[in-house]
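The structure appears below as structure tokens.
The values are calculated or read from the model by the stated rules, or taken from the named source; none is laboratory data. Bear in mind the structure is a predicted one, so any value in this text is a computation, not a measurement. Virtual Cβ from ideal backbone geometry, glycine too; neighbours counted across all protein chains shown.
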Amino acid sequence: MTPFFKARGLTYQYPRGPLAVRGASLEVAPASMTAIIGANGSGKSTLIRMLAGLLRPASGEILLDGIALEKWPPRKRAREIAYMPQSTMTAFPFPVIDVVLSGRSPHVARFHMESMRDRDRAMEALESTGAAHLAARGFTALSAGERQMVILARALAQEPRLLLLDEPSASLDLKHRADLMRALARLREQRGLSVIMITHDLQLTGSLFDRIVAMRCGEVTAQGAPSEVLRSQLLSEIYDEPNVRSERVGSQTLVWIEA
Amino acid sequence: MKTLPARLAGAIAILSLMLLASLVLGLVVGRQRIDPGSLLSDPFARTLFFRLRLPRVLMGLLIGASLSLVGAALQALFRNPLADPFTLGVQGGGTLGASIAIALGWSARVLGIPLVFVAAFAGAMLAVFLVKAIASTGMVVLPGALLLAGVVVNLVSSAAVVAIQYVVDPNAALRILRWIVGSLDVVGLEPVGRMFVLLVPAWIALLALGRQLHLMAIDEDTATTLGVNVSRCETVVHVVCSFIVGITVAMGGSIGFVGLIVPHAVRLMFGEDLRIVLPGSLLLGAAFLAVADALARSVLPSTELPVGAITGLLGGPVFLWLLRRRQQYSTM
């Protein structure tokens with residue numbers, strides 16, 4: 001399928017800092033799943049924050065449906081792209097349902113408030129991430145993993161075409177990682193959702209993702225199907241660790257460190 | 001669970017009743033009790049009521065509403081429960097601006113607005129940007145640094161005000177002192193009307209940002225990805241809050257902690273949604289300052305207390321309680 005979201009030659013430099021991302025390009029097809037992998041500090045989060053419209057690239061362009069990202073009216077863009085940061089903490093004890101409901105905001109007309117239908121959507125989203133039981137709790141009282149499930153539900157309530165996730169599985173246990181991946185796979189089937197996800201969880205990437213983007217020192221050093229990217233030599237280079245090994249087992253790729 | 005419009009309507013109904021009750025209380029209580037019947041027969045009572053009592057109570061409503069609304073907006077903008085016009089140094093900056101104007105004897109008006117107002121607005125504005133600039137490192141505003149910067153701006157402002165008071169003639173010094181303490185004394189309805197005309201558009205501007213401020217109060221980054229123009233929203237809130245605080249400081253002096261206590265009371269009663277907290281703070285703030293002023297006028301048999309003393313005595317403990325509660329679940 002033809003890609004609807006394209007990034008070309010993205011570069012970003014933090015004030016008085018080094019070049020965090022250099023000439024990164026990627027394309028996203030409808031109903032596809034892309035993983036961004038790479039060592040800590042390789043520019044993954046900076047890249048995804050540019051894709052989310054939070055950072056403006058120093059050079060390069062991001063096109064959504066062929067139109068530059070910054071040309072999109074912000075609320076219209078918010079109906080297309082959702083973003084979930086690495087971690088979220090609120091200063092005020094907002095009830096979980098209100099946090100999820102805020103994801104409906106781009107769909108609510110100006111000076112209107114969320115309707116009962118929006119509330120139902122928010123509850124559905126909470127159910128799909130397995131966090132419906134948290135609806136009435138205060139957000140500040142939740143654990144890091146629970147907060148991730150709630151923020152993911154909020155991103156789903158936004159009903160985007162493209163979901164950008166910055167290490168969603170970092171603070172999740174095994175069961176919730178499985179829940180997360182199942183929820184994403186289902187939305188991809190049902191609604192044609194596309195996902196770009198930063199992850200260190202290479203076991204997850206092997207079977208579920210169509211495409212892997214590998215970053216090293218701010219540059220995209222390789223991208224392609226998991227079977228092409230998840231090779232021992234390539235991974236060793238990306239992570240600067242000579243003992244990384246990988247092997248295809250059926251549709252899965254196993255990655256481990258040789259002692 | 002009830003939908004937001006239903007909750008908002010309920011909150012406004014309850015708070016409007018409270019406002020009405022506090023209005024009646026404010027009009028009745030005082031050194032000189034005014035019997036409603038005597039308003040028709042007694043010209044002295046009528047003068048007292050329309051020239052002094054009513055303007056003062058209305059002034060209390062306007063200033064209480066303004067400071068509370070600004071407090072609620074600043075708390076959301078900075079995602080900091082301890083933010084208010086006083087703790088962020090906005091009132092200090094405004095007071096310094098007003099003091100300079102008084103000391104230099106600026107009595108002129110620009111477009112019908114006294115220069116003291118303009119100076120207070122400029123001082124408040126400067127304080128907001130200074131505090132924000134000091135507390136920001138890169139892109140994050142550190143909550144602890146924000147309050148410390150506010151404290152420092154307040155201290156420097158009050159030191160400068162003290163210095164000014166020593167230099168200027170005693171008359172101006174006394175006028176400055178009245179400003180600092182904060183008083184709602186006003187003669188006639190005309191100044192109240194002028195304030196009303198200036199403040200209402202500013203209130204509307206803040207209330208209209210309810211959705212944006214709600215999303216920003218939850219999280220700044222995701223507010224952007226939910227379609228909020230965060231930097232534009234910040235600028236509008238800074239300017240409008242400085243404008244409101246400048247006017248209230250120029251008219252009523254520095255009345256502390258109202259903007260801190262009232263939004264929290266509204267949250268406890270009606271929940272965290274800013275689209276309820278903002279209008280709720282407006283109504284409850286008006287009621288709160290009217291009652292505080294009624295207390296200030298009646299608590300001592302011999303004399304009146306400044307209303308700023310009452311709000312300070314009530315607000316200090318609330319601030320400490322919030323600080324303690326906050327430390328239990330997050331880092332400052």
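Tabulated data for the structure shown
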item	result
Any hit, region B:194-202, residues being under 14 Å from residue B:92 (Cα atoms) and either within 14 Å of chain A (Cβ to nearest Cβ) or in contact (Cβ under 8 Å) with a residue 24 or more places away in the chain (or both)	no
Some residue of region B:237-260 being of a type outside the set (D, E, K, R) and facing chain A (nearest Cβ under 10 Å)	no
Flag if residue B:245 is assigned to a helix (DSSP H, G or I), out of contact with any Asp or Glu (no Cβ under 7 Å at 6 or more places or on another chain), among the hydrophobic types (A, V, I, L, M, F, W, C) and closer than 30 Å to residue A:114 by Cβ	no
Residue, modelled with the highest pLDDT, within region A:104-114, restricted to residues that are more than 7 Å from every other protein chain (Cβ to nearest Cβ) and either surrounded by 23 or more Cβ atoms within 10 Å (Cβ to Cβ) or assigned to a loop (DSSP other than H, G, I, E, B) (or both)	A:108
Members of region B:60-83 found to be on the phi < 0 side of the Ramachandran plot and within 14 Å of chain A (Cβ to nearest Cβ), listed by number	B:71, B:72, B:73, B:74, B:75, B:76, B:77, B:78, B:80, B:81, B:82, B:83
Matching entry among A:88, A:46, A:129 (being more than 8 Å from chain B (Cβ to nearest Cβ) and within 21 Å of residue A:177 (Cα to Cα))	A:129
Residue A:203 vs. criteria within 14 Å of chain B (Cβ to nearest Cβ) and touching a residue at least 40 places away in the same chain (Cβ under 8 Å)	no
Of all residues in region A:226-259 being under 30 Å from residue A:18 (Cα atoms) and of a type in the set (A, V, I, L, M), the one that is surrounded by the most Cβ atoms within 10 Å (Cβ to Cβ)	A:230
Residue ID - farthest from residue A:81 (Cα to Cα), chosen from residues in region A:1-43 that are away from chain B (no Cβ under 14 Å), among the hydroxyl-bearing types (Ser, Thr, Tyr) and in contact with a Gly (Cβ under 9 Å, 6 or more places away or on another chain)	A:42
The lone exception for residue A:150 - which of (1) closer than 26 Å to residue A:181 by Cβ; (2) out of contact with any Phe, Trp or Tyr (no Cβ under 8 Å at 6 or more places or on another chain) it fails	(2)
Among (1) at pLDDT 85 or above; (2) in a loop (DSSP other than H, G, I, E, B), the one test that residue B:94 misses	(2)
Hey, residue A:80 among the charged types (D, E, K, R) and at pLDDT below 95 or not	no
Qualifying position, being more than 13 Å from chain B (Cβ to nearest Cβ), touching an Asp or Glu at 6+ places or on another chain (Cβ under 9 Å) and at pLDDT 90 or above, among A:134, A:162	A:134
In region A:95-130, the residues that are more than 22 Å from residue A:79 (Cβ to Cβ) and either among the acidic types (Asp, Glu) or touching a His at 6+ places or on another chain (Cβ under 9 Å) (or both)	A:130
Test: residue in region A:52-67 that is within 14 Å of another protein chain (Cβ to nearest Cβ), closer than 28 Å to residue A:143 by Cα and not small (Gly, Ala, Ser)	yes
Elements of type strands (runs of 3 or more DSSP E) in region A:1-99, at least 3 residues being free of Cβ contacts under 8 Å to residues at least 60 places away in the same chain and not small (Gly, Ala, Ser)	A:5-13, A:59-64
Filtered residue count, region A:137-149, keeping only those that are within 13 Å of chain B (Cβ to nearest Cβ), of a type in the set (A, V, I, L, M, F, W, C) and either touching a residue at least 60 places away in the same chain (Cβ under 8 Å) or in contact with an Asp or Glu (Cβ under 9 Å, 6 or more places away or on another chain) (or both)	1
Test result for residue A:101, within 21 Å of the chain's Cα centre (by Cα), over 30 Å from residue A:2 (Cα atoms) and either hydrophobic (A, V, I, L, M, F, W, C) or not assigned by TED's automatic domain parsing to the domain that holds residue A:169 (or both)	yes
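So that you can scan it fast, the table gives a plain yes or no per residue for (1) surrounded by 19 or more Cβ atoms within 10 Å (Cβ to Cβ); (2) within 30 Å of residue B:187 (Cβ to Cβ); (3) within 14 Å of another protein chain (Cβ to nearest Cβ):
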| position | (1), (2), (3) |
| --- | --- |
| B:264 | yes, no, yes |
| B:273 | yes, no, yes |
| B:279 | yes, no, yes |
| B:284 | yes, yes, no |
| B:287 | yes, yes, no |
| B:293 | yes, yes, no |
| B:299 | no, yes, no |
| B:308 | yes, yes, no |
| B:318 | no, no, no |
